[in-house]
Amino acid sequence: MNRKIFTACTAFLLGACVAWLPTAQAASFSEVQPYITDYQIGFTDGTKLVTSPVYDGYSRYSSYTTVTKAGKYGLLDNKTGKEMTPAIWDSIELIPSGKIAIVQKGGWFQYLDLTTGKLSATKYAGGHAYYLSDEHDTVVAMIGQTSTLLDSSGKVLIPPFAGKLSMVQLMDPTMESDQSAEPVRYFLGSTTNQITLYDPVTFAPTFTLKNASLIPNEGGPKTAYLKVQSGGKEGLVDVEGKYALEPNYKALYFLNNGFVRIEGPDGVGLWKGGKMLVEPQYADVGIEFNQPTGCLHYHDKRQHHLPFPVQRNGANL
């Protein structure tokens with residue numbers, strides 16, 4: 001994305017040079033250009049001034065220019081200099097398509113359709129742009145008591161609903177042990193006492209699971225499962241909405257290579273891919289790959305090491 005930032009000093013030099021051009025040399029620009037008067041910035045199309053010199057600074061993008069005035073942000077069209085929105089915002093985020101922007105004032109976010117110039121009527125607690133997939137390069141999630149998902153043109157992908165949207169990443173279960181494999185990104189809606197996972201291409205609901213809430217895995221190891229809470233206990237749900245591990249445990253922790261540390265009423269165990277490798281009855285459990293064979297180690301309540309041989313990549317567990 002082409003971006004140029006002029007300080008007041010550099011803009012003054014540019015303005016000084018332009019000011020000395022003879023009138024006969026004036027010509028229309030393909031895009032409006034900045035000028036400066038009394039240390040304030042305005043814009044000209046080469047034949048006339050299209051804005052007054054009222055701005056303190058600006059940042060140039062491919063189709064639009066963000067301007068600042070008294071610490072607030074506004075937006076101009078690069079070709080015409082038209083004010084898309086006045087300098088009243090605490091922040092403006094332009095989406096790469098150039099057809100939508102996220103604007104923020106105080107603790108509230110709205111989105112601005114740059115084609116129609118319309119501002120969303122609903123105010124949201126958050127607004128974020130995400131890379132989703134090759135099919136939908138950039139999407140915009142507006143989140144709050146009401147949430148919705150838009151594509152980069154402003155088209156609604158997930159209609160507004162009363163609840164929260166989260167982006168989750170899930171591996172193919174057969175690839176959990178491959179650390180180079182990339183997960184698929186999904187959006188998940190959380191409403192009162194239920195969750196809904198949406199297809200990453202069509203955005204139709206894949207499943208709705210009642211009496212469950214999502215436990216986020218932000219920054220955690222790659223996994224093929226959603227960690228959920230139901231009835232005060234934790235369990236794992238697969239991409240089809242079926243319980244891979246029933247919600248019967250105090251706590252679950254994702255480990256590398258698809259292992260899950262389980263805390264039950266009688267101790268700690270280890271689970272992977274539908275198999276309970278170590279029953280939850282030990283003081284602690286961990287995985288340790290020792291060259292050249294690799295072993296799984298866990299401790300009983302007397303803190304003894306008990307080896308459990310596995311393949312180095314854990315593929316057979």
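Observations, loosely collected:
- Entry remark, segment 209-226: residues being open to solvent by 30 Å² or more (accessible area, probe 1.4 Å) and either without any contact (Cβ under 8 Å) to a residue 40 or more places away in the chain or assigned to a loop (DSSP other than H, G, I, E, B) (or both) number 11 in total.
- Some residue of segment 169-180 being within 28 Å of Glu83 (Cβ to Cβ) and open to solvent by less than 40 Å² (accessible area, probe 1.4 Å): no
- Residue match in segment 117-128 (condition: open to solvent by less than 50 Å² (accessible area, probe 1.4 Å), of a type in the set (A, V, I, L, M) and more than 25 Å from Ile215 (Cβ to Cβ)): no
- The number of residues in segment 70-94 being touching a Gly at 6+ places or on another chain (Cβ under 7 Å), open to solvent by 30 Å² or more (accessible area, probe 1.4 Å) and among the hydroxyl-bearing types (Ser, Thr, Tyr) comes to 0.
- Test: residue in segment 191-208 that is of a type outside the set (Ser, Thr, Tyr), open to solvent by 40 Å² or more (accessible area, probe 1.4 Å) and part of a helix (DSSP H, G or I): no
- Checking each residue of segment 132-140 against the condition of being in contact with a Phe, Trp or Tyr (Cβ under 8 Å, 6 or more places away or on another chain), surrounded by fewer than 18 Cβ atoms within 10 Å (Cβ to Cβ) and closer than 14 Å to Trp89 by Cα gives no match.
- Among the residues of segment 176-190, those that are closer than 28 Å to Lys233 by Cβ and either among the hydrophobic types (A, V, I, L, M, F, W, C) or in contact with a Phe, Trp or Tyr (Cβ under 7 Å, 6 or more places away or on another chain) (or both) comprise Val184, Tyr186, Phe187, Leu188, Gly189.
- Among the residues of segment 299-307, none qualifies, meaning not one is surrounded by 14 or more Cβ atoms within 10 Å (Cβ to Cβ) and either under 25 Å from Met175 (Cα atoms) or modelled with pLDDT of 75 or more (or both).
- Ile95 falls short on exactly one of the conditions (1) at pLDDT 95 or above; (2) under 30 Å from Leu165 (Cβ atoms), and that condition is (1).
- Only one of the listed residues (Val32, Val103, Val67) is under 30 Å from Phe161 (Cα atoms) and either buried (at least 17 other Cβ atoms within 10 Å of the Cβ) or of a type in the set (Lys, Arg) (or both). That residue is Val103.
The values are calculated or read from the model by the stated rules, or taken from the named source; none is laboratory data. Note that this is a predicted model, so its numbers are computed, not measured. Glycine also receives a Cβ, built like all others from the backbone with ideal geometry; neighbour counts cover every protein chain displayed. To get the accessible areas, we keep the full protein, side chains included, count just its heavy atoms, and leave off ligands, DNA and RNA. Shrake-Rupley method; radii C 1.70, N 1.55, O 1.52, S 1.80 Å.
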